[in-house]
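Each remark here refers to the structure printed beneath this line.
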Amino acid sequence: MPEPERQPGPKTRDALRARVEELESRLSSACGRAGRLRRDVTLVAVTKTVSPEMAKLAAELGLLDLGESRPQELWRKRDALPCGVRWHLVGHLQRNKVARTLPVSLIHSVDTLRLLTAIDEEAGRHRIRADVLLEVKLVPDPEKHGFSPDELGEALGRLAPFHHVRVRGLMTMASLSDDPEAARPTFRGLRDLAERHRSQISAPHELRELSMGMSDDFEVAVEEGATIVRLGSVLFTGLPDCFPG
Ligand SMILES: *Cc1c(COP(=O)(O)O)cnc(C)c1O
């Protein structure tokens, strides 16, 4: 028998609420430093390390954009949570998992035109339009997915045949580092790429959204123009009753 999921108690709720408040104040300060508005940055709470119950608690506390990196885990939590949640897939998506993943609020991690084609076909079947970001690899790393900057330029020139997907922007991951400043050139690079290509693509596609910044570097990302930050550990690590999902 599977272990019953344990419910987070009132202590956990208070602790998570305090985390959210602290995070909000750091986000507001970063926006202030950059002369930006807090409402122009979407906080996606990445729930990949926590149980559906904890994800539900996050939603009850007002975190309505939730992200998962594995499609199967997104399906599981989506089934368990109320439907007001906007789900984001932030990790790698294989083509054979597209059908079960749609519909979803935003797929951050489109890394090939083959995947984009698969999403377009499946969205067409559902008669919906799927919102996606193109993932860009700005730091060479065999472990990471994403278009190189050159490949991105080429891919953006080939969006015309897609009618059921809408490219909303770009996503990137910075290299792991102890120093948040180390991520700044990567984030600036993503913003520069979006600016360089913005005039080249036509509606409904756009390069408005920049999904960049995680727990260790989100303030730098906001300073460099992130419109979406993806935060997991800063919210959940070390909370009382925070059992692995
Ligand atoms: C896990 C994950 C995050 C969140 O990372 P934290 O460092 O825990 O904030 C963000 N984006 C992606 C793609 C992830 O896999």
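Does residue 134 meet the test of being touching a helix residue (DSSP H, G or I) at 6+ places or on another chain (Cβ under 7 Å) and either aromatic (Phe, Trp, Tyr) or farther than 27 Å from residue 54 by Cα (or both)? Criteria met by residue 134. Total residues in the range 113-137 satisfying the condition of being open to solvent by 30 Å² or more (accessible area, probe 1.4 Å) and under 17 Å from the mean Cα position of the chain (by Cα): the figure is 1.
Residue-by-condition table, conditions (1) touching a strand residue (DSSP E or B) at 6+ places or on another chain (Cβ under 8 Å); (2) farther than 30 Å from residue 13 by Cβ; (3) of a type in the set (Lys, Arg):
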| residue | (1), (2), (3) |
| --- | --- |
| 139 | no, yes, no |
| 148 | yes, yes, no |
| 160 | no, yes, no |
| 171 | yes, yes, no |
| 175 | no, yes, no |
| 195 | no, yes, no |
| 206 | yes, yes, no |
| 215 | yes, no, no |
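The sole residue among 41, 90, 50, 46 that is crowded, with 20+ Cβ neighbours inside 10 Å and out of contact with any strand residue (DSSP E or B) (no Cβ under 7 Å at 6 or more places or on another chain) is 50.
Does any residue of the range 78-85 turn out to be surrounded by 13 or more Cβ atoms within 10 Å (Cβ to Cβ) and within 16 Å of the ligand (Cβ to nearest atom)? No, the range 78-85 contains no residue that is surrounded by 13 or more Cβ atoms within 10 Å (Cβ to Cβ) and within 16 Å of the ligand (Cβ to nearest atom). Across the range 199-229, the qualifying residues are those that are away from the ligand (no atom under 13 Å from the Cβ), modelled with pLDDT of 95 or more and more than 21 Å from residue 35 (Cα to Cα), and the one among them that is surrounded by the fewest Cβ atoms within 10 Å (Cβ to Cβ) is 206. Taken together, 70, 78, 6, 19 contain a single residue that is out of contact with any Lys or Arg (no Cβ under 9 Å at 6 or more places or on another chain), over 12 Å from residue 235 (Cα atoms) and at pLDDT 95 or above, which is 78.
The values are calculated or read from the model by the stated rules, or taken from the named source; none is laboratory data. Computed from a predicted model, the values in this text were never measured in an experiment. FYI the Cβ positions are ideal-geometry reconstructions off the backbone, even for glycines, and counts take in every protein chain you see. Please note that ligands, DNA and RNA were not included when accessible areas were found on the heavy atoms of the full protein model with its side chains. Shrake-Rupley method; radii C 1.70, N 1.55, O 1.52, S 1.80 Å.
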